[in-house]
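Novice: Encoded as structure tokens, here's the structure I'll be asking about.
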Amino acid sequence: MNEKALKTLEYPKIISMLAEYATCELGKAACLALKPSEHSDTINRMQNETEAALSRIFRKGNPSFGNAKDLFASLKRLAVGSPLTQHELLLTAGILENAGRARSYGQTDEDTEPDCLSRFFDQLEPLPLLSGRIRRCILSEDEISSDASPELRKIRRSIKINGDRVHTELVSLMNGSLRTYLQDAVITMRDGRYCLPVKSEYRSSVPGMIHDQSSTGATLFIEPLAIVKLNNDIRALEIKEAREIERILAELSEEAAVYTGQIQQDLELLVELDFIFARAALAADMNATRPLFNTDGRIALRKARHPLIPKDQVVPIDIQLGNSFDLLIVTGPNTGGKTVSLKTIGLLTLMGQAGLHIPALDRSELAVFREVYADIGDEQSIEQSLSTFSSHMTNTVSFIEKADRDSLVLFDELGAGTDPTEGAALAIAILSYLHDQGIRTMATTHYSELKLYALQTEGVENASCEFDVATLKPTYRLLIGVPGKSNAFAISKRLGLPDYIIDLARAQIDEQDASFEDVLSSLEARRIELEKQQEELARNRAEAEAAEKNWKERQARLNAARDRVIREANEEARAILQNAKEYADQTIRDVRKLGSRAGAGGELEKRRSALRKEMQKHEEALAAKPAQRTSKKLRPSDIKPGDSVKVLSMNLKGIVASEPDSKGFLFVRMGIMRSKVHIDDLELITEPDILAEGQAAAKKSTGTMKKQTPGAFGKKSGGSSASNIRMDKSRTAGMEINLLGKTVDEAAAALDKFIDDAYLAHITTVRIIHGKGTGRLREGVHQYLRSHRLVKNFKLAEFGEGDAGVTIANLREE
């Protein structure tokens, strides 16, 4: 790609934005060196890499490659046997550690398929043994660990011992014979040797070596003879220490030299990954997508946005070129968005061919071009004696000479800067030549002649940037197939130009041009009206689809409810028939026994009557109707979880399982069924009602047992008792138990009864208060809960809910 087009279309600004997302300097350099490619294989490979990295960012976040420092020169020296410095060895360890983190980031789990980046991560060699040894030996750029070698530890121990001896000796001298000769009672160092500050007049009284004096000459820094040997010993040990450090660094360098190839490969892979993930991070920030590429010269951008315009200000546009037409002429008023549309198609083409995602909707298409030529903006030059027209024409001549079928040519205000008649003629001739050559071209203009040329020429299409004359503001929408107007008269009138001047101006336009402009105005009005109608149709269609969807969902719910009712009715009917069959079988057995006895007719008639009554009772049960409300409607404050209620529409009793929501819906558990009902469909069952119902049920059960033949309905009578027990438990069970002050055995007994009652009351979550204390009661409670068959799971309460003093247990559902 030519540099002039890159600069004109502001491609370097995109690359600068890309470099900001790189985390290492080498990655930033790779971003800044990125250029669009003209090879389809390279473009698709880079797009695949960007897409895979973007997918990983969405799943795992953005990795960092900040430790990938430029170590290529050091690795070359290492390969020929030159040792590395502490700083270089630390950089090597940083690269290897970064490689380890990157390899861990790149690992895929069972649910994730490998992608095109997996080969980069798999080739990384972290070499943990080498990086770990470097970190153990080198603490920082200025410090080597004493654990780097036994010899170094020994030398440093000796230096410390001699240093302590020097300090002891100097302190003795300061507090003894030399006390009166000293300027200050301090120990200082000069040239790496311990000294004392001696007054200059006592120079001859303190035997030793003078190393320095103060700026005034009043103080001499003297090394007493008593510590000269100790200082010499320390100096010798320091030299020995430096040699040992050099040996350690050389040894580490030798170990690293074995892996020079792997270290260099890790560095190259980390830089490449940083470059790839920078492209993906830019795509995520721009909300960009991968474009589809073709070699047919076809461009189809859907809701494309110029990436340099703020997201809250940019207006997406749809652009097509190279399908049914290869020349697009864009007209419209100034500041209407023509140039932005031109730059958008050019810049997005460059970004796509550079492996970057583009800010447009998915399934947008771009063509692979060998060159992009752009003549945009005013490039007049006083130094080169070029006017606006001359500069534009110079660019045009260059484009005509170099452009071919694999080129994209963009013109802004083609033919401007000269006589309008001649400029329009030149523009038509230039565009005709490019059109005949099959070169994809997009041009902006104000000339009406070009609008007519587009209308009359096959393969050439008009487009316009919409402008709202009422507000004098552009909408920045690009309309393909609609020629635009400059709206000079309307804008001038709105800005205050007198009508008589505008009328004079209109008179200067010949009848044919005026008629053409009137046609454009009429077409524009009809287009706006059709768009409004289409919007209304789309809105009505969306409402109809939403209504249809709601109807289908409602129908599905009704079908599900119907199937559930039918299923429950069938189950109930099956149970009734089973009971009836047992009763009938028993009756037949009794008839057979009575058949051989004299005078059994009356007894048989009694059996027959009892059978008819039993069948009538079951028919009445099957024909049960919804219960009638006997009390006023409930309010949300009247009801709470655990209350006994009756669902009027289903004529069933249950236990409230949740608080009413803002719309009055709540969950009620009725046996094994848990249903969502409205509070208006509920009636609260009070304690007297429960007792009365229990007594009535017991009485009915007793009466039935008296009437039935022994054993005929034994199972049925047992069910009534269980129902009464469940009703009583639902009324008395709570959601919390306090075990404070109890022993573990006492707590276990109380807890056993509490859990049974809660389970019968359909309470699924309970609180157990055991306190903190020594923790024995809590451990006993937890041990009991682990073995209880009704406990699903349990945990300690959260902070603010009792913390370690309270356990929350979830019970199993029926």
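Novice: How charged is the neighbourhood of Asp326? Take every other residue with its Cβ under 14 Å from the Cβ of Asp326, and add Lys/Arg as +1 and Asp/Glu as -1.
Specialist: -3
Novice: Further, regarding this structure: Leu361 versus Thr216, label points 7 Å from Cα toward the beta carbon: distance in nm?
Specialist: Roughly 8.6 nm, to one decimal.
Novice: Classify region 41-80: rounded, prolate or oblate, from the alpha-carbon gyration tensor (a ≥ b ≥ c, eigenvalue square roots; a/c under 1.5 rounded; otherwise prolate if a/b is larger than b/c)?
Specialist: oblate
Novice: Rank by packing, highest mean first: peptides 552-563, 757-768, with packing defined as the count of other Cβ atoms within 10 Å averaged across residues.
Specialist: 757-768, 552-563
Novice: Taking each pair of distinct Cα atoms in region 266-421 once, what is the resulting Kirkwood hydrodynamic radius in Å?
Specialist: Taking every pair of different Cα atoms in region 266-421, averaging 1/r and inverting gives 17.4 Å.
Novice: Follow-up question, since we're still on this one. Say each of Tyr202 and Asn287 gets a label point 7 Å from the Cα, pointing the same way as Cα to Cβ; how far apart are those two points in nm?
Specialist: In this crude label model, Tyr202 to Asn287 measures out at 8.3 nm.
Novice: Would you work out the charge dipole size for region 242-282 about its Cα centre, treating the Cβ of every Lys and Arg as +1 and the Cβ of every Asp and Glu as -1, and quote it to the nearest 20 debye?
Specialist: I would put it at about 140 debye.
Novice: Over region 37-95, with the other protein chains present, what is the accessible area per residue in square angstrom, probe 1.4 angstrom?
Specialist: Computed with neighbouring chains in place, this is 47 Å² per residue.
Novice: OK, next. Work out, in µm²/s and without decimals, the Stokes-Einstein translational diffusion coefficient of region 136-235 at 4 °C, 1.567 mPa s, Rh from Kirkwood over C-alpha pairs.
Specialist: 87 µm²/s
Novice: Projected onto the charge dipole of region 251-302 (+1 at Lys/Arg Cβ, -1 at Asp/Glu Cβ, origin at the Cα centre), which of Leu273, Pro291, Ala256 gives the Cα projection farthest towards the positive end?
Specialist: Pro291
Novice: Grab the other residues whose beta carbon is less than 12 angstrom from that of Ser16, score K and R as +1, D and E as -1, and report the net.
Specialist: 0
Novice: Please compute the per residue accessible area over region 220-379 with all protein chains in place, 1.4 Å probe, rounded to a whole number of Å².
Specialist: 37 Å²
Novice: For a test of the definition: using alpha carbon positions, the gyration tensor, and the 1.5 limit on a/c, classify region 744-814 as rounded, prolate or oblate.
Specialist: Because a/c hits 1.5 or more and a/b fails to exceed b/c, region 744-814 counts as oblate.
Novice: Using Stokes-Einstein with the Kirkwood hydrodynamic radius over Cα pairs, what translational diffusion coefficient do you get for region 261-334 at 10 °C and a viscosity of 1.306 mPa s, in µm²/s rounded to a whole number?
Specialist: Result for D is 99 µm²/s.
Novice: So how compact is region 155-311: Cα radius of gyration and Dmax in angstrom?
Specialist: Here Rg and the maximum Cα pair distance are 33.8, 101 Å.
Novice: Is the C-alpha gyration tensor of region 84-131 telling us rounded, prolate or oblate? Criteria: a/c under 1.5 is rounded; beyond that, a/b larger than b/c is prolate, otherwise oblate.
Specialist: prolate
Novice: Taking the Cα atoms of region 1-53 alone, what are Rg (to one decimal) and Dmax (as a whole number) in Å?
Specialist: When restricted to Cα atoms, region 1-53 yields Rg and Dmax of 12.1, 32 Å.
Novice: Quote the FRET efficiency, to the nearest 0.05, computed for Glu572 versus Ser82 with a Förster distance R0 of 56 Å and r equal to the Cβ-Cβ distance.
Specialist: Taking R0 as 56 Å, the efficiency between Glu572 and Ser82 is 0.05.
Novice: Sum up the charges of everything whose Cβ sits under 11 Å from the Cβ of Leu78, counting Lys and Arg as +1 and Asp and Glu as -1, but leave Leu78 out.
Specialist: Charge balance in the 11 Å sphere: -1.
Novice: Could I ask something else about it? For region 29-77 and region 754-813, what is the centre-to-centre distance using only Cα atoms, to the nearest Å?
Specialist: When both Cα centres are located, 54 Å separates them.
Novice: Scaled to the compact-protein estimate 2.2 N^0.38 Å, what is the alpha-carbon radius of gyration of region 73-163, rounded to two decimal places?
Specialist: 1.52
Novice: Assuming 0.36 nm per residue, please report the length gained on full extension of the stretch Glu746 to Arg101 beyond their Cα-Cα distance.
Specialist: Separation in residues times 0.36 nm, less the Cα-Cα distance, equals 226.7 nm.
Novice: Roughly speaking, to the nearest percent, how much of region 41-186's 1.4 Å accessible area is carbon and sulfur?
Specialist: Using a 1.4 Å probe with all protein chains present, region 41-186 comes out at 49 percent carbon and sulfur.
The values are calculated or read from the model by the stated rules, or taken from the named source; none is laboratory data. These numbers were taken from a predicted model, which means no experiment stands behind them. FYI the Cβ positions are ideal-geometry reconstructions off the backbone, even for glycines, and counts take in every protein chain you see. Quick note on the areas: whole protein, heavy atoms, side chains included, nothing else; ligands and nucleic acids left out. Shrake-Rupley method; radii C 1.70, N 1.55, O 1.52, S 1.80 Å.
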